[in-house]
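The values are calculated or read from the model by the stated rules, or taken from the named source; none is laboratory data. Because the structure is predicted, anything quoted here is derived from the model rather than measured. Cβ: placed from backbone, ideal geometry, glycine included. Neighbour counts: every protein chain shown. For accessibility, only protein heavy atoms count, side chains too; no ligands or nucleic acids. Shrake-Rupley method; radii C 1.70, N 1.55, O 1.52, S 1.80 Å.
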Amino acid sequence: MYAAAIENYPKMVGVVKLDLSLCEEYSGDSAVVASRIYGPGCYGSEPIFVAREANNPTAEEDDGYLLVYVHDENTKESKFIVMNAKSPSLEVIAAVKLPGRVPHGFHTTFVSKVDLLIP
């Protein structure tokens, strides 16, 4: 499971990857198996997972990408960030500077044209 790391609610300061199978044996942060903190003054959106191969039933469950929007309050810039979901540090593999501000806490949902029922 991927979740936003929150500090001073509602500001999301990063993202964590949790192994829920560890929750039965341990408590607290021991279920965290990967994380990325955005940096001072940077706040993001809810993370969304996108499978590398959506129609591959043999793919590992974390074989894909994490997508987030991050706003840097120091530079007043917003970026669309793509991370490697399998990486222990949730390695950033792409960062695209956006032409306008995306507010922190932005809710993310990506759907296909078919899912929107657009003719």
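Descriptive notes on the structure:
- Test result for Glu25, under 19 Å from Gly100 (Cα atoms) and at pLDDT below 90: no
- Contacts under 8 angstrom Cβ, first residue in segment 85-96 being of a type in the set (Lys, Arg), partner open to solvent by 70 Å² or more (accessible area, probe 1.4 Å) and not in a strand (DSSP E or B), 6 or more apart: Lys86/Glu60
- Residue list for segment 91-119, restricted to those being closer than 20 Å to Ile37 by Cβ, aliphatic (A, V, I, L, M) and at pLDDT below 95: Val102
- Considering only residues in segment 76-90 that are touching an Asp or Glu at 6+ places or on another chain (Cβ under 9 Å) and farther than 18 Å from Val32 by Cβ, the one that is most open to solvent (accessible area, probe 1.4 Å) turns out to be Lys79.
- First in segment 36-51 and under 20 Å from Pro88 (Cβ atoms) and open to solvent by 60 Å² or more (accessible area, probe 1.4 Å), second anywhere and modelled with pLDDT under 95 and polar (S, T, N, Q), Cβ under 9 Å, 6 or more apart: Arg36/Ser87; Arg36/Ser89
- Leading residue by the ranking (modelled with the lowest pLDDT) among those in segment 50-80 that are in a loop (DSSP other than H, G, I, E, B) and among the aliphatic types (A, V, I, L, M): Ala54
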